[in-house]
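The values are calculated or read from the model by the stated rules, or taken from the named source; none is laboratory data. These figures come from a predicted structure and were not determined experimentally. Note that each Cβ is placed from the backbone with ideal geometry, even for glycine, and that neighbours are counted across all protein chains shown.
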Amino acid sequence: MSTLPPLPDRAGPGRPREFDLDDALRDATEVFRLRGYHGTSVQDLIEGTGLARGSLYKAFRDKRTLFLAALDQAIAGSVQRIGDTLAQPGSAKTAIRDTLMGYAKRAASNEGRRGCIMTAAAMEMVPEDAEVGAVITRMFRSMEDLFAVAVIRGQAAGEIPPTHDERAIARHLLCTVQGLRVLGKTGPTEQATAQIIDLTVRVLD
């Protein structure tokens, strides 16, 4: 018997065709992050988004198309959030720490327990699915680039030693982010995740 919690109820006979696509994708993301791609049925998506079956197929054609669209939306939001935090005025070192702490707090929250559609896709579908693999690889590269730029900014300001390899640090920070996303599924405490960040930012010294 499945132990998965019930899907969110978007009750009603189904949204009309003039529904908001972004809202539908966010609702679909919640279903995919909870059940995974292969564990999600079309009926799960109907219940989770509140879309009528006809509207679902008309807008997205099939489950895979909907999944890829939801994945793209989630990636765009995640990369934007990282970029905005890392680009905040002032200390680059503080910006990096704030970015990591954002992931630490989410990992220790109910959101962390629900998981991440991007990390789930990487673990469930790569390397067998080349298309999804390419999407996830581009996301990781974008995140690495953003961290590397922040490290370079910190080096220019004298906060981070110029001898440090910005790419090696960026990859280390990326691994920390992804590790927190996975760890969040187990329900860590905020104190535990904060300790991880304390250790991680020492690579900037």
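Here are some notes:
- Filtering Thr85, Thr65 for residues that are closer than 27 Å to Val203 by Cα, part of a helix (DSSP H, G or I) and of a type in the set (Ser, Thr, Tyr) leaves a single hit, Thr85.
- Odd one out for Glu166, checked against (1) at pLDDT 95 or above; (2) acidic (Asp, Glu); (3) farther than 22 Å from Thr94 by Cα: (3)
- Total residues in the stretch 125-134, condition surrounded by fewer than 19 Cβ atoms within 10 Å (Cβ to Cβ) and in a helix (DSSP H, G or I): 4
- Residue-level check: of (1) touching a residue at least 60 places away in the same chain (Cβ under 8 Å); (2) assigned to a loop (DSSP other than H, G, I, E, B), Ile75 misses just (2).
- Of all the residues in the stretch 38-86, those that are among the acidic types (Asp, Glu) and either farther than 30 Å from Leu174 by Cβ or in contact with a Gly (Cβ under 8 Å, 6 or more places away or on another chain) (or both) number 3.
- In the stretch 95-124, residue surrounded by the fewest Cβ atoms within 10 Å (Cβ to Cβ) [restricted to those that are at pLDDT below 95 and either in contact with a His (Cβ under 8 Å, 6 or more places away or on another chain) or β-branched (Val, Ile, Thr) (or both)]: Glu124
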